[in-house]
1. Based on Cα coordinates alone, diagonalise the gyration tensor for the chain, multiply each eigenvalue by 5, take square roots, and list the semi-axes in whole Å, largest first.
2. Over the range 1-100, average the accessible area per residue using a 1.4 Å probe and give it in Å², no decimals.
3. Relative to the longest principal Cα axis of the chain, at what angle does helix 232-243 sit, 0 to 90 degrees, rounded to 10?
4. When only C-alpha pairs under 8 Å and at least 6 residues apart count, what is the relative contact order of the range 231-336, in percent?
5. Go through the range 295-300 residue by residue and turn each phi into a ³J(HN,Hα) via Karplus (6.51, -1.76, 1.60, θ = phi - 60°); whole Hz please, and just put x for glycine and proline.
6. Keeping all protein chains in the complex and leaving out DNA, RNA and ligands, what accessible area do you get for E58 with a 1.4 Å probe, in Å² to the nearest 10?
7. Taking all protein chains as present, what is the carbon and sulfur share of the accessible area of the range 305-403, in % to the nearest whole number, probe 1.4 Å?
8. Just the isolated ones, please: cysteines in the chain lacking another cysteine beta carbon under 4.7 angstrom.
Amino acid sequence: MFNIPQGKFIVFGKIFWPQDFFIFGLAMVTFIFFIILFTAAFGRLFCGWACPQTNFMEMMFRKIEFMVLGTANEQKALKKAPWTGNKIFKVTLNHVLFFLLSFIIANIFLAYIVGIDDLEKIITEPVGDHLVGLSSLLIFSGIFYAVYAFFREQACTVVCPYGRLQSVLLDKNSMIVAYDYKRGEPRGIQKKNQPAELQLGDCIDCFQCVRVCPTGIDIRNGVQMECVGCTACIDACNDVMDKIHKPRGLIRYASENSIATGEPLHYTPRMKLYTGLCLVVLILLSVLLFTRKDIDVTIMRTPGLLFQEKGTDSVSNLYNIKVMNKTDKDIPLTIKIENVNGEVQIVGKPYVHVVKEGQGSGSFFLVLPKKDIHNRKTEVKLALYEGDKKILTETTSFLGPVQ
Ligand code: SF4
Ligand code: SF4
């Protein structure tokens, strides 16, 4: 959950607050580092296989389109056809289904922002109580609908910053979807009894690879920024190769260098190095995430107060404690002194109550025997316990009279 209004983030069950922002910063740096290395080695693999835009488009919206409007050729024919009742029905149904799906996606998207409990309230409680929530839902639905119904792959080629970075991230050894021009050219349909010197390459210029390309490019023209690596052209061309009894792979995953030399794509030392570096940054981030403490504590002596004499043989200091609970359960905290003789007296209750996913605060006295105070400042180690379980240790200073 990325609850920006409340500044609360939950990633894989771990709760993060603005105080943990350095981890987010580090995660962003790791992410960018990972993207640069991954792209340099494996090209736009992410775009074609993991990007939500591509997956939603190919696996949901385009499936609906095919179901309602028919295959690509049928859709073209329908577009040219006059506006009959059948055409109006099909086009309207298509757009209604697109909007419904966009609305469902918007609900899930909003749940990531406000949390599933608040989303349930927006859905079940009176509309007037949640005008902002409802408006957000409709705005998100409208944006998703506009993107998937009209804007489509232009999001990848015009808007997506990752797509625009391809030209600087890729090099001649990067793995890309590539046309084997050495094998395919000169392209054209081989005639019977063609003289040996006029023998053509394997590409029969059928344009199937161009027809299936969602961004409308011709991969035979070389690496292009618009290629999202979806591999639809690979499948289409392999089908053609099967039909004309030629080996598959005229369009395949390859690097520019491997096409030029005719060598198969190798898992080069550079790719291995980049993969290793990606793993190292991921491991570093994981260690940071999983060793992160479940609570954050601030203990400060109450400002303006020095020390108080308690009877004839003891001295006390008053402290304020603030606790941030990053878990999903309430924690009753007790405090014990670890390194010196003395007593902790929590004001009001025997423990500091910290609500789940929230903050708790309180005040307490540290009472030390006078005979054990030898300096103006004494370092005191305080252990915080939940029941019998020690959660963490904090160090503070205790002010006493100069002996
Ligand atoms: S060129 Fe091929 S891999 Fe690239 S976007 Fe078009 S169909 Fe997909
Ligand atoms: S699908 Fe294959 S054979 Fe047909 S035009 Fe594309 S590269 Fe050539």
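The values are calculated or read from the model by the stated rules, or taken from the named source; none is laboratory data. Fair warning: this is a prediction, and the values are worked out from it, not measured in the lab. Note that each Cβ is placed from the backbone with ideal geometry, even for glycine, and that neighbours are counted across all protein chains shown. For the accessible areas, the whole protein counts, side chains as well, though only heavy atoms, and no ligand, DNA or RNA atoms are used. Shrake-Rupley method; radii C 1.70, N 1.55, O 1.52, S 1.80 Å.
1. Equivalent ellipsoid semi-axes, largest first: 65, 30, 13 Å.
2. On a per-residue basis, the range 1-100 sits at 61 Å².
3. Result, in degrees: 40.
4. On the way: 69 pairs, mean separation 16.8, N = 106.
Across the range 231-336, relative contact order equals 16 percent.
5. For the range 295-300, the Karplus curve yields 10, 10, 10, 10, 10, 9 Hz.
6. 60
7. That share works out to 49 percent.
8. C47, C51, C156, C160, C203, C206, C213, C227, C230, C237, C278
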